[in-house]
Structures are given as structure tokens and as C-alpha cells.
Amino acid sequence: MLILLPPSEGKTAPRRGKSLDLSSLSSPALTPTRSSLLEALTTLCRADPDKAVEVLGLGPAQRDLVQRNATLEAAPTARADSIYTGVLYDALGFDTLSPAARRRATSRVAVTSSLFGIVRPGDRIPAYRLSGDAALPGVGSVAGAWREVLGDAITEAVRGGLLVDLRSSTYAAFWRPTKDLSRRVATVRVLHEADGRRSVVSHFNKATKGRMVRALLEDGADPRTPGALADALTRLGWTVEVGEPTPKGTQLDVVVTQV
């Protein structure tokens, strides 16, 4: 099983650590694209900070992120599982997983990244700012750059197992599963039920996905089909409804009444 997470906009910048070494990251076939995007991003932020603010969608109080991006190649790095923050990652709690669950996370979890394609929890990366819907000078659409190469890397990482695709729509645009692989893809939608009505609420969605990943890692469940994943989540206490297979995979609706 491979659990594919979205990144977070917020990141914790390490105070010390080795500088970035692209050759040390998992999925080495992605190194050329990583290098191209890194060069385009750092060059933009060094040469034209005002343009970088616009391209990166930053507000007036976030100009420090431009300077951070400008020095990424020399910036300290840390494990990816300590860099990404926010509701999903707080609920998942990489740093408080049991030793067995952390070992499982190493092989079963990957994070989608605008700058690095996918990273594993133990990959050492700097804190960066680059949204999935951005377009960089000389490269163009970030999503388009990854769409050319990401499929093979994800397929290799999944191998013969199940892909649990928890990406948001922005990052889902980086790669779509092939018809053959889609049979082994489960997407998850979290629905908040209140007063007999269901809706998608961002906070519930992120927190619930983080808790689900944590529970699966702690439990050790390794389902190989969307139906088996639904059974595992049901056993772990969630209300799950299984949809029909689609070209994107089989959608599981997880219904929650409180966060």
C-alpha cells in the first residue's frame, strides 16, 4: 500500500542541517525535473522578488518567503515528516507514532510536492514555498512539468499494492492513474454530517484524513483493494461508503459528525 498525501502550504523551517542534496532523495528518476524547477524558482526569487511575490501568490507580510526560496540550495534541510505542518499533519502526528508505525510510514507514505514531485517521510528537504497551481518562468506550469514524469515514479512506488490517493484537486492534476492502475486506487472524500445534511468541510476533511493515516499505520493494515481498505477503516471505527469504480479510482466516502 502507498498512501499519497497532499503537501501543506505551511512548513517548519529547520534551524540547522545539511544543505539540499537532490541525489539523496527517493525516486531518483525525478532528479532532472527537481533540478529544473529548483533552478527556476531560486533564480526568480533572487532576480525579481516583486515578480516572485506575484507568481507565488504571496501577501505583503509574506515577502520573507521569497528570500527563503532564493537560498534553498544552501538552506538547512530536515526530514520531510518534520517539514510539513498544518491540520492533516498535526492529526497524523509523525513524531508521536510508535516505532513500528514510523517504520511502516517510511515505505507506505509519500507526500506530493510542487518542487520535488513526491518525497518520502525520511527525505531531507528545506522549507520552501511553491503552490501546485503556480507557473515558473522558463518552465511553465508546475503541474505540467510533473505530469510528464510523475506517473512512472508513483507506479514504481505502488508496485502491486493499493494506492490510497489523498491528494487535493490541485495536486491530483500532477498525475492521473492509468486505466490498469485505477482498479487499485482508492480516493477518499470526508463528508461532515449535521442535521441530516452532508457537506465537505476543509478542516474535517484534513483532520480526518490525518487520523485515518495514523490509524492505518499503527494498526499495520495493508489492504490491497479499495474494498479491503473500506473494511479496515470500518474496523477502525469509521463510517465508510464505497462508490463505483471510476477512471480516477474507487471513491470512499467517510462520514463524520464531529472532528
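Here are a few things to note about the model shown:
- Cα-centred dipole magnitude for region 1-105, charges only on beta-carbon of K, R (+1) and D, E (-1), debye, nearest 20: 440 debye
- Inter-part distance, region 1-46 to region 199-257, computed on C-alpha centroids, equals 28 Å.
- Cα gyration tensor, region 206-259 - rounded (a/c under 1.5), prolate or oblate: oblate
- Note: relative contact order over the chain, using C-alpha pairs below 8 Å and six or more positions apart, is 24 percent.
- Under 5 Å from the amide H of Ile118 lie the amide H atoms of Ser113, each residue being 5 or more positions distant or on a separate chain, with H modelled from the backbone and absent for Pro and chain starts.
- Nonlocal amide H pairs with Thr250, under 5 Å, H built at 1.01 Å: Val185, Ala186, Thr187
- Proximal lysine pairs, the chain, alpha carbons under 26 Å, eight or more residues apart or interchain: 7
- From phi via Karplus (6.51, -1.76, 1.60), per-residue ³J(HN,Hα) for region 6-19 in Hz, x at Gly/Pro: x, x, 10, 5, x, 9, 8, 7, x, 7, 8, x, 5, 6
- Of the beta bridges in region 2-256, as assigned by DSSP with both residues counted there, near 55 percent are antiparallel.
- Residue-count net charge about Val254 - beta-carbon cut-off 15 Å; Lys, Arg +1, Asp, Glu -1: +2
- In the chain, the DSSP-assigned H stretches of four residues or longer account for a calculated mean residue ellipticity at 222 nm of -11000 deg cm²/dmol, using -39500 (n - 2.57) per stretch and the full residue count as denominator.
- Descending semi-axes in whole angstrom, ellipsoid equivalent of the chain, from the Cα gyration tensor: 31, 19, 18
- Using θ = phi - 60° in the Karplus curve 6.51 cos²θ - 1.76 cosθ + 1.60, the 3J(HN,Hα) couplings for region 145-151 round to 4, 7, 4, 6, 10, 6, x Hz; x is entered for Gly and Pro.
- Local electrostatic count at Lys18 - Lys and Arg +1, Asp and Glu -1, tallied over other residues with Cβ under 15 Å: +1
- In this structure the amide hydrogen of Val109, modeled in the peptide plane, comes within under 5 Å of the amide hydrogens of Ile3, none closer than 5 places in sequence on its chain.
- Gyration tensor verdict on region 164-227 (Cα atoms; rounded if a/c is under 1.5, prolate if a/b is larger than b/c, oblate otherwise): oblate
Quick note: the coordinates plus some simple rules give every number you see, no bench work behind them. Please read all numbers here as calculations on a predicted model, not as lab measurements. All Cβ positions, even for glycine, are placed from backbone atoms using ideal geometry, and neighbour counts span all protein chains on display.
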